[in-house]
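All of the numbers you see were taken from the coordinates with simple rules; none came from a lab. Computed from a predicted structure; not experimentally measured. Quick reminder, even Gly has a Cβ in these numbers, built from the backbone with ideal geometry, and neighbours come from all protein chains shown.
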Amino acid sequence: MNRRPVLDQGYIELEEWMGGDEAVIRAARICYQSAAKTPGADERLIRKLLQSEPKHNTVFEHAVFRWHIKCPIFVARQWMRHRVGSFNELSLRYCIADRCYYVPAGVSEVAAYRAHMEASFDLYERLVAAGWRKEQARGVLGTAIYTEFIWTINAWSLMNWLTKRLDKAAQWEHRQYALAALSIWREVMPVTANAFAQGMLRPLGLEDT
Ligand SMILES: Cc1cc2nc3c(=O)[nH]c(=O)nc-3n(C[C@H](O)[C@H](O)[C@H](O)COP(=O)(O)OP(=O)(O)OC[C@H]3O[C@@H](n4cnc5c(N)ncnc54)[C@H](O)[C@@H]3O)c2cc1C
């Protein structure tokens with residue numbers, strides 16, 4: 001299954017992908033017009049490519065992934081700082097916002113938080129009904145409301161995002177999306193993804209499943 005639930009109402013889904021480990025091998029081997037001579041040679045080559053310095057990074061750019069993400073706006077805002085990739089997002093200029101917002105677990109004052117979010121949606125809907133433009137009425141909504149976007153990214157840039165957003169310094173909510181993406185990615189591009197994960201999960205104190 002290429003969709004994982006994340007947070008209370010979000011998810012990440014791999015909609016489509018191209019290339020995978022085979023694309024990396026194809027790109028790497030064209031340089032020498034070579035082919036694998038022994039079983040496991042391709043896997044060893046990918047591990048070497050990931051470990052070598054300086055990196056022969058462009059070979060990883062031939063594997064491409066299109067994700068569909070539903071996350072709080074504050075997570076999306078961090079996500080879209082990652083410039084190498086393509087984004088398209090649901091527009092609240094054209095669509096009415098769903099009454100759908102993130103509520104953190106294990107915190108105090110949840111009732112007050114919910115009441116504030118509900119009141120902001122009440123006002124938003126009142127303004128729209130009163131003839132306000134949706135693009136202006138949305139100003140009363142908070143950054144915890146959910147948005148949706150699609151994100152197309154190559155494997156090299158995906159690893160850059162994972163490295164930064166799996167890190168303990170990243171916001172916990174964003175890390176949950178990175179963990180879910182990593183688990184899907186490991187299913188579709190296992191050699192590269194597992195080599196990447198083995199190198200980075202343990203130093204972060206995360207379990208390598
Ligand atoms: C824990 C954490 C805290 C953060 N806090 C803040 C914050 O407080 N404020 C804030 O503004 N941002 C913050 N950021 C965002 C951060 O500065 C980066 O914008 C974000 O992580 C994207 O990383 P990136 O540039 O590597 O990715 P991408 O934009 O996808 O770029 C990928 C790579 O391409 C190269 N590249 C892309 N564009 C250029 C360029 N113009 N010049 C040179 N090389 C380029 C770089 O090698 C870069 O690593 C934070 C990020 C993290 C992970």
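Taken one residue at a time, the phi angles of the range 137-146 give Karplus couplings (6.51, -1.76, 1.60, θ = phi - 60°) of 4, 4, x, 8, 8, x, 7, 8, 6, 7 Hz. Gly and Pro are set to x. Only Cα pairs within less than 10 Å get springs; with that Gaussian network setup on the chain, which residue of Ser157, Ser108, Ser183 has the largest fluctuation? Result: Ser108 has the largest fluctuation of those listed. Extension gain, Arg81-Val107: 0.36 nm per intervening residue step, less the Cα-Cα distance, totals 6.6 nm. Simple point charges give the picture: +1 on the Cβ of Lys and Arg, -1 on the Cβ of Asp and Glu, and for the range 110-209 a dipole about the Cα centre of about 200 debye. Between Met1 and Arg29, the simple spin-label model (points 7 angstrom out along Cα→Cβ) gives 3.6 nm. Couplings for the range 76-83, taken from phi via the Karplus curve 6.51 cos²θ - 1.76 cosθ + 1.60 with θ = phi - 60°, read 4, 5, 5, 4, 6, 5, 7, 6 Hz in order; Gly and Pro are left as x.
Comparing Ala181, Ala130, Ala144 in a Gaussian network model of the chain where C-alpha atoms under 10 Å apart are linked, the largest mean-square fluctuation is found at Ala130.
Taking Cα centre as origin and charging only the Cβ of basic (Lys, Arg, +1) and acidic (Asp, Glu, -1) residues, the dipole magnitude of the chain rounds to 500 debye. Every helix of 4 or more DSSP H residues in the chain counts as -39500 (n - 2.57), and over all residues that averages to -13500 deg cm²/dmol at 222 nm.
Spatial offset of the range 1-42 relative to the range 86-118 amounts to 34 Å, using the alpha carbon center of each. Remark: spin-label model distance Ala41-Met18 equals 2.8 nm, labels positioned 7 Å along the Cα→Cβ axis. In order along the range 62-70, the Karplus-derived 3J(HN,Hα) couplings, from 6.51 cos²θ - 1.76 cosθ + 1.60 at θ = phi - 60°, round to 8, 9, 10, 9, 10, 10, 10, 10, 10 Hz, and Gly and Pro are given as x.
Loop-resident trypsin sites (Lys or Arg not before Pro) (DSSP state other than H, G, I, E or B) in the range 105-209 with no more than 15 further Cβ atoms inside 10 Å of their Cβ: Arg133, Lys168. Qualifying chymotrypsin sites (Phe, Trp or Tyr not before Pro) in the range 2-67, where qualification requires a DSSP coil assignment and no more than 16 other C-beta atoms within 10 Å, comprise Tyr32.
Between the amide H of Glu15 and those of Arg66, Trp67, His68, distances stay under 5 Å, these residues lying 5 or more places away or on another chain, with hydrogens modeled in the peptide plane.
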